[in-house]
1. Can you tell me which residue among ARG1071, ARG1011, ARG1000, ARG1062 is touching a Pro at 6+ places or on another chain (Cβ under 6 Å) and either in contact (Cβ under 8 Å) with a residue 60 or more places away in the chain or more than 30 Å from TYR600 (Cα to Cα) (or both)?
2. Return yes or no: is ARG1000 under 29 Å from the mean Cα position of the chain (by Cα) and within 24 Å of THR926 (Cα to Cα)?
3. Please verify whether GLY188 is under 30 Å from TRP150 (Cβ atoms) and either surrounded by 24 or more Cβ atoms within 10 Å (Cβ to Cβ) or more than 35 Å from the chain's Cα centre (by Cα) (or both), treating the condition exactly as stated.
4. For residues that are more than 23 Å from the chain's Cα centre (by Cα) and among the basic types (Lys, Arg), tally how many sit in the stretch 397-436.
5. Given the condition on the phi > 0 side of the Ramachandran plot and touching a Phe, Trp or Tyr at 6+ places or on another chain (Cβ under 9 Å), answer yes or no: does some residue in the stretch 286-300 qualify?
6. Do we have VAL746 as in contact with a strand residue (DSSP E or B) (Cβ under 7 Å, 6 or more places away or on another chain) and not small (Gly, Ala, Ser) here?
7. Name the one entry in ALA82, ALA101, ALA78 that is surrounded by 13 or more Cβ atoms within 10 Å (Cβ to Cβ) and in contact with a Ser or Thr (Cβ under 8 Å, 6 or more places away or on another chain).
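The values are calculated or read from the model by the stated rules, or taken from the named source; none is laboratory data. On a predicted model such as this, the values are computed, not experimentally measured, just so you know. A quick note on method: Cβ atoms are made from the backbone with ideal geometry, for glycine too, and the neighbour counts reach across all protein chains shown.
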Amino acid sequence: MSKAKKNHPCLFFFIASIILVWPTSGCSVKDKNPPVKRLQAVRHPTVYVTQADIERGRRNAARFPWAKAIADGILGVADEWAAKDDAWILAQVPGQGACFAYGFTGCPICGAGWGIWDKARASFDNPGHVTCDNGHVLPDAAHPDPGTGWVAPDGRIHYFVGSYNAWVIEKLTLAAAENLSYAYSLTGDERYAAKAALILDAVAAIYPSCGKGSWDYPSTPPSGRLDRPWYQVSRVLVRLIDHYDQIYNSRSLDTPSATAGLTKRQNIETNMLRNAAAYCFEQSQAGGLNNGEADYIRGTLAAGICLDIPEYIAWAVDGPYGIFSFLENNISRDGQYYESSPLYSDHARNLYVTYAEPLLNCRREPYPNGLDLYAHPKMRSALTLLNLSIAGAGHLPPYGDTMPDLSRLDPGPKPENTSDLMAAKRLYERTPDSPEKAKAAALRYYLADSPAGKPHGEAGDPKWLLFHQTELPAQVPPLPAEFKRRIMGTHFLGQEGLGLLRTGARGETALLLRFGPSLNHGHFDDLGYNLFGLGYELTYDLGYEYANTHTQVGWAKQTASHNLVVVDETSQQGLTGGSLRLFADFPGVKLIEASSENSYAGRGVSLYQRTMALVGDGTDAYIVDLFRVRGGSRHDYFAHFRGKLGTVGGVALGRPESGSLAGPEIAWGTKQLNDGDMEGHPNQFYWNPPPGNGYGFLVHPRRGKMTGPVSAQWQADREAHIQVIMPPNSQTEIVTGDAPGIKPNVPRAEYVIARRKGKDLASAFASVIVPFSGTADVLSLESVPLEDSVITSLRGRQEAKFRPHAPHNDKMASPQKVTRSDKAGVATHSNGRGDDEIAARSFLIRHRDGASDFLYSALDDKTRSGADLSLGGKFIFARVKDGAVASLYLVGVREFQGFGLTVKPETTGWEGEVEGVDIKTRALITTADIPDDGRLAGAMITFSNPGYSRTTSYRIAKIVKESGRTKIVLDEPVVVGKGEATEIKGPRTLVSRIPHEYARSVHRQESGFFRGKLIRSASGAETRIVRATPGKTLELEVEDASAFKPGEIFHYIDVQKGDEFRIDAVGRLERLPSGQYQYTGTSAADIRAPRTERILHEKDDPR
């Protein structure tokens, strides 16, 4: 549910007077309007289906069992309603000004709900009543409802009759009228059209008087039509228009209306369709490119096409908030939708489709020949694997405002997503014959695993499929590799700020790390992650149901409810979004490292970085989590997972305390009501319980100091467990507590919190997260001490050995010891102070089978030594088994010495400066010497600039050398949206009436996303953005606005001349069954193994 806003007047766009005279609320307008304008000669239906579609639907129903089943279902419902008496139907319609409601507060007797809209437990046999899930029938003698709700002693209002009225309207319109109108299209039988016209006419008669929407929707004042509030008016309007459009040619519409003096056609058009369209148009003036705005404008568009209102059509397409602005600015370069919620992303894609279909069919001005949005690259991108490209083990990640995922899914041979399948079917049907259509066919076939007419051919929107789906060709090409990677592989989305690690033949274990930015419908959770395994979404992201509840605002949205580090007991604030630092995909290890210092810059934090590795294969995988924070005085590392928390080892926890983590006098976690609000605070929409950081929801706290390695275990079900192991640290306190889920009907969440305090604090929280069934394979996580080691000189030919020494848990500041043989010359060395504990960390993970994994992570690539190791680089992982290295993985490494091996890559990576950008070909020009032999295809390249608030990362498509220069071709476009120089306000300020929602953070302030970015117009004017301030318009503070002309369109460029880039070298050493080692990598390397081993380089035959 989007947060509603107050009504806004029409500000700058006026429509024909014939529209303006129709009010957006109040009584019937039969005496105020001129006669309904007759439409020009356009054949109906013309909005969502055409006559050609109807003929196709009839053929499909005759040929295919799946289509016949859909048609039979439509006709079955239609026949039930066609048989009902007209008088009975009219008697069911609520009266003028009737109350409508969701029924959020539920049953006052037991707290249970009764469902909403058409899913409410109601019946025409018991008018005015609803039945809660526990069987209480309301209203009753103790809870009377005169039609405007019953006010409980606690001040909450329970709308029993309003919920019933909403159920009636949904049944009459979206069940009865819809199926009757489609039955008319399928059969041409006037009985169906006449009954649909009767219902639509009766509803239209009360429509203008019911202008509050749902009375319990959290907005002041309430607004809407019938049972739908605000933007949802349009969600129903587009379907009402579809119903009317399909029966448009029926003579029943020209019979007298229930509203005296009008025909049914006049009443339906005037009092319902035009009334709703004018309401949506007015609300759309408020601006923005969010999903609510898209809802409003799609209703305006549908009305414009059906009722011949060219101004509405132009507004929906070419206006500042029209569909082209939605596509250009809201669909990222990686094909995702901008809002930080998979739920709303999928919803928005469906909204955009409802623009594409009527525009394709449009035969009205200003598009009398239609407009094909399916040819737009951003539309095609959004229709291609929006969900599966971010799914893990079959689950859509529930981050941001997305429902919690409590389901258990057994991974099949491939992931499934009906919404993506439906999008692929639309893409196939709307793509002309071309190589692109072949790709669309491959995707559709893969997702459905059968051609139309075979099992699963009907998956998706049944009515659209009935009228539009055609057969696939007999020969369908294989799924392109790019699609396979997005569905099953490890990949990242650079603009959206997501990295997805997957392992197993079916992706049985997966990890998604979100590095931002957090935008609309997001939470305060930059660097939050979702873990999938054992059939579950294991992190139990608390999610969302309604945006206004106290639990949502005060707890689920706050940083503390997520698996994150909270600094100084405050949620993330200020700018949002971070940088992708490292990303690698090895057979045995998947790596992601990202930072988001913006999240806590206001607390003086200079480092806020997370490194996560997914280690192993399939269900045997585990995760290493290393979270570094520098700055602030208190760091709280939160961990919670699905299920009950068992005994926590390695800490002597005290007794449960009263109150919560916020103090003994606050305990919001025990005061949750059935609707998610807090007891004692009725009707306080969007209230955030103090202290406002969520800590008051974590109740029954228990505390204790670490006494050794800490181990905590959650039990998701009888066989599914999650274990977390942390190495000991004497400066860390452990706290446990529990907190409510999003509502009382979902499980509570149980937390383990590692807390550290200190002035100018620097922390590196390390943990191993092990999903397992049966017995966990991982036994322990041990820190391996390291120290800077710099030998200044060695004289003589004999070997000298040196070893750093440092206390196990403290900063590594002790001097080095040097030993040498008696025959060696004098050795000198530096006794320099070492790093703080977060600069470089190394760990040993011991397994039950005797194997050990060594992991090293550093903020730089300088050399450090310890425990017979010498290490220089950003990330090193070694699997050691039977006393030998079985596999070694390197990212940005200059040196590895340990476990009998020495590996020295020629380079840690490649760096350079961008000297030119060809936007059309996605090519960057540089003079840096970068290999062009194909080894870097698919590698991550990261761009930085002192003016940027974060880096930006792409994949390399190919590298070409021409005339002494290097051309780097990227896999995605560098244009990330458009604006308009609507107003030039002085030498350094541009105002664009076209918003860009990437500029607006979840805090409703500047996100910082565009700082330092280049904008360029077709005329060649360009400048760099200093700051982007979001509002109804977007105000850009720039370096120089003088070259721009008022009204010209410009584009946002993600990569520009002067940017610096970095490509990290990666390498992999594997021990073969023969005992030989094989090395592959993007950089050559000098490798020394035990004398008995042979090194096979990439060009060698491993056999």
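1. ARG1000
2. No: the conditions fail for ARG1000.
3. no
4. 1
5. So far as the stretch 286-300 goes, yes, one or more of its residues are on the phi > 0 side of the Ramachandran plot and touching a Phe, Trp or Tyr at 6+ places or on another chain (Cβ under 9 Å).
6. no
7. Among ALA82, ALA101, ALA78, only ALA101 is surrounded by 13 or more Cβ atoms within 10 Å (Cβ to Cβ) and in contact with a Ser or Thr (Cβ under 8 Å, 6 or more places away or on another chain).
Residues are listed down the side, and each one gets a yes or a no for (1) out of contact with any Pro (no Cβ under 9 Å at 6 or more places or on another chain); (2) at pLDDT 95 or above; (3) closer than 17 Å to TYR48 by Cβ:
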residue	(1), (2), (3)
TYR159	yes, yes, no
ALA202	yes, yes, no
LYS212	no, yes, no
PRO221	yes, no, no
TYR248	no, yes, yes
LEU262	no, yes, no
